[in-house]
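Have a look at the structure below, then the notes.
Just so you know, all these numbers are worked out from the coordinates, no wet-lab data involved. No experiment lies behind these values; they were computed from the predicted model shown. Neighbour counts run over all protein chains shown; Cβ positions are idealised from the backbone, glycine included.
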Amino acid sequence: MNVNLYVKPSTQNNSATALNSNSTQYEQKNNETSSARNKDSVEISQSGRLASAFDIDEDTANRIEEAVQNADIPALLKEFKEKQGSLPVDEEWHYRKMVDPDGKIYSLTYAESLLRQYQCAENTIKEYYAKAHQDNLSQGSITDSMNYLSMKYTEFGLRMGSPYYRADMSEAERKMALYQEKALLLGGRVTLGDPYALASSGGTINIKDADRIAHQAARDRIDELISEYKRVNGIV
């Protein structure tokens, strides 16, 4: 599944918001729906346009979709409007239109920042369970490894008096370890909501913080392009 980002304008200036979609790349909602709503919204559709519009591979498009779906887009848009910068609006939008006319650079930079944050959390989780994962694999077959997980983390292991049962862990931690190690064993995806694996890096991802970081990354990128545009054109 790929992502099509559609941002609905709530004011005349909203066409320059960070996630504004180019009409040649994104589908607009019908006029009846547009007039019935008065706030920004984001629509995720199955069209494959993210990969083609941004020239990225399928897996990256899927990961960006997941990142965007976990992001608080309305909060991002509100923050963007409140922090448009020190330039007069018409002058700022002029430069933004010159360096990022369709908003694609801002959109992709924002999504990539979110993706990096989620990937960093995922890598931290995998590193946390790496030793246990190798231990699970050493049990032999997948069936043997699954039985081993059961002995370590379930009530069955406790009732059986298994020497592998992790009585030193809380029930919640055992459940999380079972889920994560099973995902690694079967080639699934670990959950990012793991406070135990992410404790050393500040805990699970805070959506507002992730939005703020991604927003700033996108703003910084556009500012860099504006500075370069001014330099090339001799604008003080």
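Ranked highest first by the average count of other Cβ atoms within 10 Å around their residues, in what order do 204-213, 102-111, 225-234 fall?
102-111, 204-213, 225-234
Using only the Cα atoms of segment 143-200, build the gyration tensor, take square roots of its eigenvalues as a ≥ b ≥ c, and label the shape rounded, prolate or oblate: rounded if a/c is under 1.5, else prolate if a/b is larger than b/c, else oblate.
Because a/c hits 1.5 or more and a/b fails to exceed b/c, segment 143-200 counts as oblate.
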Where in segment 92-125 is the amide nitrogen less than 20 Å from a point lying 7 Å along the Cα-to-Cβ axis of residue 235? 92-107
Pair residue 224, residue 158: separation of 7 Å Cα→Cβ label points (nm): 5.2 nm
Over segment 105-215: Kirkwood hydrodynamic radius from C-alpha pairwise inverse distances, Å: 15.4 Å
Too-long pairs where the Cα-Cα distance tops 25 Å, listed order kept, from 131/152; 152/208; 104/126; 104/208; 126/152; 175/208: 152/208; 104/126; 175/208
